[in-house]
Amino acid sequence: MAGVVGAVFTVSQVKDWYPTLVKPALNPPSWVFGPVWSGLYLLMGVALYLVWESNSKDKKWALWLFGIQLALNAIWSPVFFGAHLIGVTLVIIILMWVAIVMTISAFSKVSKPAAALLAPYIVWVSFATYLNFALWWLNK
């Protein structure tokens, strides 16, 4: 659902508003984002399932953290593409990055494979944080 919420706000703005922004040198083409996020959401779903099915005493905290990072993920697109608040989304993505790191740490106590499945996610969000910062800086 987080991906669907994001897509609703992204589709029209990728054609209308986003092309008007000054982009950083490492900005990938727009078509890259859909497949990357689809793959990441798949990995996140499998990781969540592994933790959900666990009998670990640390499961509840891990699920809470997952929910927090997912909520931050879900609000990023409406704020960026819907409200065009690049600076606010920079704060959101930094908080999301911290929440993902905490989620990976919590998942590792419940299921090492689940934590490992989130590695591509934190790598991509790290890159996305750079992009968000650069877009904010270049379009102030």
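Read-outs throughout are calculated quantities, based only on the coordinates presented, and are distinct from any laboratory measurement. What you are looking at is a predicted structure, and each value in this text was computed from that prediction instead of being measured. All Cβ positions, even for glycine, are placed from backbone atoms using ideal geometry, and neighbour counts span all protein chains on display.
Side notes on the structure shown:
- Cα-based helix-to-principal-axis angle, 86-110 vs the chain, degrees rounded to 10: 20
- For the chain, pairs of C-alpha atoms spaced more than 22 angstrom apart make up 37 percent of the total.
- In summary, the lysines within cross-link reach of Lys23, defined as a Cα separation below 16 angstrom excluding same-chain residues under 8 places away, comprise Lys15, Lys140.
- With respect to the chain, whose longest principal axis is taken over its alpha-carbon atoms, helix 33-52 is tilted by about 20°.
- Gyration tensor (alpha-carbon) shape descriptor, region 93-140, a/c threshold 1.5: prolate
- Partners for Lys109 among lysines (Cα-Cα distance below 18 Å; same-chain residues under 8 apart left out): Lys57, Lys59, Lys60
- Relative contact order [Cα under 8 Å, 6+ residues apart], the chain, whole percent: 36
- Charge-dipole axis of the chain as Lys and Arg at +1 and Asp and Glu at -1 on Cβ define it, positive-most pick from Trp61, Thr20, Val88: Trp61
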